[in-house]
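The values are calculated or read from the model by the stated rules, or taken from the named source; none is laboratory data. Note that the coordinates shown come from a computational prediction; the quantities given were computed from them, not determined experimentally. Methodologically, a virtual Cβ is constructed for each residue, glycine included, from the backbone with ideal geometry; neighbour enumeration extends over all protein chains shown. These accessible areas exclude ligands, DNA and RNA; they are computed on the full protein's heavy atoms, side chains included. Shrake-Rupley method; radii C 1.70, N 1.55, O 1.52, S 1.80 Å.
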Amino acid sequence: MNAPHRVDPVDVHAVAKPAEALFRSTFGGTADGVWAAPGRVNLIGEHVDYAGGLVLPFALPYMTVVAVRVREDGILHAVSTHTDESWRGSLADVAPGHPAGWAAYVAGVVWALHRSGHVSAGIGFDVAVHSTVPVGSGLSSSAALECAFALAVADLAGLPTDAAGRQPLVAASIRAENEIAGASTGGMDQSVAMFARPGHALLLDCRDGATRHVPLDFESAGARLVVIDTNAPHRLVDGQYGNRRATIEKACADLGVTTLRDVVDADAAVAALSSPAAARTRHVLTEIRRVTEVARLLDRGRIADVGDALTRSHASLRDDYEVSSVELDAAVDAALEAGAWGARMTGGGFGGSAIALVPADRVDAVVEGVVHRAASASLPTPQFLSAEPSGSAHRL
Ligand code: GLA
């Protein structure tokens, strides 16, 4: 890849150092421990998690680290290397919209774990955050923060953190984001941050929460997955995401099903709805089928063959779901023209990142093609991240 546009992952212990240093300079002494959780890309299964669908994300080697110490006075004091905006307040006062900003993801986790009976009132925390997950790039920096901190709280409160113990932590992280931060996201990001496995994608059934790890070894297939951060800011709290979710919920009510996953005859369902609900529903129903198709191909080790489904997913998100953007379409088109096997936007859309599945010997050509296309359309200069399927949240 072209060095100037590339963001290399950093070893987790190196990521921990700035968090520990900020902890010492802000609070004095040392933290009780340091925890990390990864950002993610979604290989396929976009805008279907809140419809009871199937998703196939994997964890990135970029992560958020929290250095945490328990306090006994019910106060949360959270600071970050990324902003001067810190938060110090009583956890008893946490409520929808309070705190605002990034601290909602931290405070909301304790609030949710208290509501679910997992931690007692009166517990408090000093927290210092550092992250290598690009913020606002659609790579789930917020879920990484929630999950790193949720695992820290669980460890410090003596809760189990095995696979079963992680379920309530995922639920608390989702509630923090939905109810305190006010972003009505669907839960895929928190699940992959907690359950990812190196060298695998996570096939998550959002109807019943079942998971299966699907082998994903790009290297041995002569492939690379290039993450293209368009550098066009993406926001999930600005109405459009919630609007799509509301449309799907209304379509379910009109069709008399609990989730779109329960639709038996896809064509009849789409025909019964009016515009734009019909197109939105068509996206969800076809996307769920594409996830099954891709998972089957990966089970047979046919990585190069999933490219076509990725590109069809992008067309559906662009035309039927209308969540793409000029920058994402330009990145996808340029990657395909430069020899990618497939490409699509990833995450919530409206800016953020795209992925391209590329034969190893075409990576430089794809990077150059995407950069060139952005420049000639006067779009922000994209940056490129590496995408080795990585592990889940853990204590360092
Ligand atoms: C965001 C949300 C997820 C999911 C994706 C779209 O990343 O956080 O829950 O809905 O958008 O697939």
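Within region 248-285, track down each residue that is surrounded by fewer than 17 Cβ atoms within 10 Å (Cβ to Cβ) and either in the same structural domain as residue 184 (by TED's automatic domain parsing) or within 16 Å of the ligand (Cβ to nearest atom) (or both).
Once the filter is applied, which keeps residues that are surrounded by fewer than 17 Cβ atoms within 10 Å (Cβ to Cβ) and either in the same structural domain as residue 184 (by TED's automatic domain parsing) or within 16 Å of the ligand (Cβ to nearest atom) (or both), region 248-285 yields only 249.
How many residues, within region 72-101, are in a strand (DSSP E or B), under 20 Å from residue 148 (Cβ atoms) and of a type in the set (Ser, Thr, Tyr)?
Result for region 72-101: 3.
Within the group 360, 356, 338, which residue is away from the ligand (no atom under 16 Å from the Cβ), of a type in the set (A, V, I, L, M, F, W, C), modelled with pLDDT of 95 or more and closer than 26 Å to residue 188 by Cα? Before you say what the answer is, go through the steps one by one.
Details: 360 fails: closer than 26 Å to residue 188 by Cα; 338 fails: closer than 26 Å to residue 188 by Cα.
Going through 360, 356, 338 in turn, just one is away from the ligand (no atom under 16 Å from the Cβ), of a type in the set (A, V, I, L, M, F, W, C), modelled with pLDDT of 95 or more and closer than 26 Å to residue 188 by Cα: 356.
Here is a check on your reading of the model: is residue 101 open to solvent by 60 Å² or more (accessible area, probe 1.4 Å), without any contact (Cβ under 8 Å) to a residue 24 or more places away in the chain and not charged (D, E, K, R)? Break it down into steps so the answer makes sense when it comes.
Values: open to solvent by 60 Å² or more (accessible area, probe 1.4 Å): no; without any contact (Cβ under 8 Å) to a residue 24 or more places away in the chain: yes; not charged (D, E, K, R): yes.
Here the answer is no, as residue 101 does not meet what is asked.
Specify the residue that is farthest from residue 186 (Cα to Cα); the eligible residues are those in region 382-396 that are open to solvent by less than 10 Å² (accessible area, probe 1.4 Å) and part of a strand (DSSP E or B).
384
Can you name every residue in region 298-313 that is free of Cβ contacts under 8 Å to residues at least 40 places away in the same chain and either open to solvent by less than 20 Å² (accessible area, probe 1.4 Å) or outside any helix (DSSP H, G or I) (or both)? Steps first, answer last, please.
We begin by selecting, within region 298-313, every residue free of Cβ contacts under 8 Å to residues at least 40 places away in the same chain; these are 300, 302, 305, 308, 311-312.
Matches in region 298-313: 300, 302.
Any chance region 20-27 includes a residue that's of a type outside the set (Ser, Thr, Tyr) and within 24 Å of the chain's Cα centre (by Cα)?
Residues of region 20-27 that are of a type outside the set (Ser, Thr, Tyr), as a first pass: 20-24, 27.
Within this subset, residues satisfying the condition of being within 24 Å of the chain's Cα centre (by Cα) are none.
No - not one qualifying residue is present in region 20-27.
Just wondering, is there one or more residues in region 238-246 that are buried (at least 22 other Cβ atoms within 10 Å of the Cβ) and outside the structural domain of residue 305 (by TED's automatic domain parsing)? Outline the logic, then answer.
Residues of region 238-246 buried (at least 22 other Cβ atoms within 10 Å of the Cβ): 241, 244.
Filter again for outside the structural domain of residue 305 (by TED's automatic domain parsing), leaving none.
Taking every residue of region 238-246 in turn, none turns out to be buried (at least 22 other Cβ atoms within 10 Å of the Cβ) and outside the structural domain of residue 305 (by TED's automatic domain parsing).
Of all residues in region 349-381, count the ones that are open to solvent by 10 Å² or more (accessible area, probe 1.4 Å) and part of a loop (DSSP other than H, G, I, E, B).
6
Just for region 171-181: of the residues that are part of a helix (DSSP H, G or I) and open to solvent by 10 Å² or more (accessible area, probe 1.4 Å), which one is farthest from residue 48 (Cα to Cα)? Steps first, answer last, please.
So in region 171-181, the residues part of a helix (DSSP H, G or I) come out as 171-180.
Narrowing the set further to residues that are open to solvent by 10 Å² or more (accessible area, probe 1.4 Å) leaves 171, 174-175, 178-179.
Details: 171: 18, 174: 16, 175: 18, 178: 17, 179: 20 Å.
So the residue we want is 179.
Could you list all residues from region 182-197 that are of a type outside the set (D, E, K, R), open to solvent by 20 Å² or more (accessible area, probe 1.4 Å) and within 22 Å of residue 154 (Cβ to Cβ)?
Restricting attention to region 182-197, the residues satisfying the condition of being of a type outside the set (D, E, K, R) are 182-188, 190-196.
Restricting the remaining residues to those that are open to solvent by 20 Å² or more (accessible area, probe 1.4 Å) gives 182, 184, 186, 195.
Correct list: 195 only.
Tell me, which residue of region 22-58 that is out of contact with any strand residue (DSSP E or B) (no Cβ under 8 Å at 6 or more places or on another chain) and part of a helix (DSSP H, G or I) is least open to solvent (accessible area, probe 1.4 Å)?
Ranking the candidates gives 51 first.
Tally time: how many residues in region 314-332 are open to solvent by less than 10 Å² (accessible area, probe 1.4 Å) and within 9 Å of residue 349 (Cβ to Cβ)?
4
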